[in-house]
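Each remark here refers to the structure printed beneath this line.
The values are calculated or read from the model by the stated rules, or taken from the named source; none is laboratory data. What you see is a predicted model; the values in this text were computed from it and never measured. Cβ placement follows ideal geometry from the backbone for every residue including glycine, while neighbour counts extend to all protein chains displayed.
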2 protein chains.
Amino acid sequence: MSKPFVAINYIDCNADYKERFEELFGSRAKAIDTMPGFKFMNVLKPITNDAPYLIVSYWDTEEQFKAWTSSHEFIEGHKRGFEDIRKAKEEGKQPPMTSTFRTYTVIAD
Amino acid sequence: MSKPFVAINYIDCNADYKERFEELFGSRAKAIDTMPGFKFMNVLKPITNDAPYLIVSYWDTEEQFKAWTSSHEFIEGHKRGFEDIRKAKEEGKQPPMTSTFRTYTVIAD
């Protein structure tokens, strides 16, 4: 068995977008759950308010994760959030959220 | 059921300490695994080299996590790393690793 692959998206949310952000994930379509190699995911909300949210997903391999991010289901599943960002841009506003993406391997458990 | 509590320690390791750091976790005593409320832990190694390592642990409650960090087993389990930091200080060197600690609740899975 190779070591599991972990993807974490660090999301900085504007204060007035947090409720909407949490609602989007609370009502997610769960398409990711059916992807080959997917193990589990979690959305982590920081207890300290000014820290980023974390979207964490565990995969058998990096390739399987990449297959997810380039899938039709990924685009479909992120449509509402992408649309919010597009609208803000159109109105000349700051994006409601920004993200930093990092990848990991599990070296101990 | 309350939402799981997640603790993440972000560890910045000096380049020449990474091998030692990975060795310490690879040979951990696993005392944490027997603590009440402990669910699981992972040590995540960044695929991009300059990012911090993540020590992630999932608990039923924050109180149970705090009980772990103030336990005899915690002190015992971290003795080798603490000793490395103490020695560096004694020799007037930079600490081999520094850590930033953040806590989370799981809001979606």
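Observations
- Counting only helices (runs of 4 or more DSSP H) that sit wholly inside region B:1-82, those with at least 2 residues that are without any contact (Cβ under 8 Å) to a residue 60 or more places away in the chain and polar (S, T, N, Q) are B:62-69.
- Test set (1) surrounded by 12 or more Cβ atoms within 10 Å (Cβ to Cβ); (2) more than 10 Å from chain B (Cβ to nearest Cβ); (3) of a type outside the set (Gly, Ala, Ser) - A:LYS45 fails condition number: (2)
- None of B:ALA15, B:ALA51 is modelled with pLDDT under 95 and within 13 Å of chain A (Cβ to nearest Cβ) except B:ALA51.
- Among the residues of region A:1-31, those that are of a type in the set (A, V, I, L, M) and over 16 Å from A:ARG80 (Cα atoms) comprise A:MET1, A:VAL6, A:ALA7, A:ILE8, A:ALA15.
- The numbered conditions (1) out of contact with any Asp or Glu (no Cβ under 7 Å at 6 or more places or on another chain); (2) over 19 Å from A:THR103 (Cα atoms); (3) not hydroxyl-bearing (Ser, Thr, Tyr) are all true for B:ASN49 except (2).
- Any hit, region B:87-97, residues being within 11 Å of the chain's Cα centre (by Cα), surrounded by 16 or more Cβ atoms within 10 Å (Cβ to Cβ) and among the aliphatic types (A, V, I, L, M): no
- Test set (1) surrounded by 15 or more Cβ atoms within 10 Å (Cβ to Cβ); (2) more than 14 Å from the chain's Cα centre (by Cα); (3) small (Gly, Ala, Ser) - A:ALA15 fails condition number: (1)
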